[in-house]
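A.B. asks: If you scroll down you'll find the structure; I have some questions about it.
The values are calculated or read from the model by the stated rules, or taken from the named source; none is laboratory data. The shown structure was predicted, so the numbers you read here are calculated from the model rather than taken from an experiment. No Cβ is skipped: glycine too gets one built from the backbone with ideal geometry, and neighbour counts run over all protein chains shown.
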Ligand code: FES
């Protein structure tokens with residue numbers, strides 16, 4: 001009698017363990033299915049336009065750097081950007097962050113190049129790599145003018 005009762009309790013316990021494991025497996029597979037079917041819903045990024053300068057502060061010709069503040073993950077981040085006016089193309093904005101390891105580049109007016117002090121990466125006026133280890137050009141950013149305010153588009 002005692003042995004049968006003990007066997008029944010053990011079977012009941014094992015049955016519950018199997019049910020709980022099945023439920024956990026079902027929920028886990030539904031989460032994986034959701035992540036597989038809707039991958040773009042996660043980490044979706046958008047462009048925010050932030051104030052860079054007044055139109056009066058734009059370079060007449062050449063390059064000028066600015067620091068812009070923008071919101072990212074609940075805090076304010078400062079980013080160095082360059083606004084370039086070549087008079088042969090539209091006004092455009094470049095990120096001041098080197099694409100090699102993320103150092104801040106500076107504009108060398110004499111050499112007419114953006115230069116990275118960390119590993120001597122160099123970029124031309126358009127932001128294309130001309131020397132050193134950077135794997136990609138400087139990131140070009142959207143630029144728009146709204147009521148004498150120059151705004152740059154940043155991915156957040
Ligand atoms: Fe700019 Fe390495 S971080 S060249």
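A.B. asks: Could you tell me how many of the residues in the stretch 105-129 are part of a loop (DSSP other than H, G, I, E, B), near the ligand (Cβ under 9 Å from one of its atoms) and surrounded by 13 or more Cβ atoms within 10 Å (Cβ to Cβ)?
C.D. replies: 4
A.B. asks: Quick one: would you say residue 87 is surrounded by 14 or more Cβ atoms within 10 Å (Cβ to Cβ), free of Cβ contacts under 8 Å to residues at least 40 places away in the same chain and assigned to a loop (DSSP other than H, G, I, E, B)?
C.D. replies: no
A.B. asks: With part of a strand (DSSP E or B) and touching a helix residue (DSSP H, G or I) at 6+ places or on another chain (Cβ under 8 Å) as the only criterion, which of 79, 64 stands out?
C.D. replies: After applying the criteria, what remains is 64.
A.B. asks: Check the stretch 19-28 and report whether any residue there is surrounded by 10 or more Cβ atoms within 10 Å (Cβ to Cβ), free of Cβ contacts under 8 Å to residues at least 24 places away in the same chain and touching a strand residue (DSSP E or B) at 6+ places or on another chain (Cβ under 6 Å).
C.D. replies: The answer is no; no qualifying residue exists.
A.B. asks: Could you figure out which of (1) at pLDDT 95 or above; (2) in contact with a strand residue (DSSP E or B) (Cβ under 9 Å, 6 or more places away or on another chain); (3) exposed (fewer than 14 other Cβ atoms within 10 Å of the Cβ) isn't true of residue 137?
C.D. replies: Tallying (1) at pLDDT 95 or above; (2) in contact with a strand residue (DSSP E or B) (Cβ under 9 Å, 6 or more places away or on another chain); (3) exposed (fewer than 14 other Cβ atoms within 10 Å of the Cβ), residue 137 fails exactly one: (3).
A.B. asks: Could we say that residue 60 is over 22 Å from the mean Cα position of the chain (by Cα), without any contact (Cβ under 8 Å) to a residue 40 or more places away in the chain and farther than 27 Å from residue 45 by Cβ here?
C.D. replies: Yes: the conditions hold for residue 60.
Yes or no, residue by residue, for (1) over 23 Å from residue 155 (Cα atoms); (2) at pLDDT 95 or above; (3) away from the ligand (no atom under 16 Å from the Cβ); (4) touching a helix residue (DSSP H, G or I) at 6+ places or on another chain (Cβ under 8 Å):
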position: 32; (1), (2), (3), (4): yes, no, yes, no
position: 41; (1), (2), (3), (4): no, no, yes, no
position: 46; (1), (2), (3), (4): no, no, yes, no
position: 60; (1), (2), (3), (4): yes, no, yes, no
position: 96; (1), (2), (3), (4): no, yes, no, no
position: 101; (1), (2), (3), (4): no, yes, no, no
position: 131; (1), (2), (3), (4): yes, yes, no, no
position: 145; (1), (2), (3), (4): no, no, yes, yes
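A.B. asks: Now, a different point. Which of (1) out of contact with any strand residue (DSSP E or B) (no Cβ under 6 Å at 6 or more places or on another chain); (2) in contact (Cβ under 8 Å) with a residue 24 or more places away in the chain; (3) closer than 27 Å to residue 135 by Cα does residue 93 not meet, given it meets every other one?
C.D. replies: All conditions are met except number (1).
A.B. asks: Hey, among 140, 110, 149, which residue is out of contact with any helix residue (DSSP H, G or I) (no Cβ under 8 Å at 6 or more places or on another chain) and within 21 Å of residue 67 (Cβ to Cβ)?
C.D. replies: On inspection, the qualifying residue turns out to be 140.
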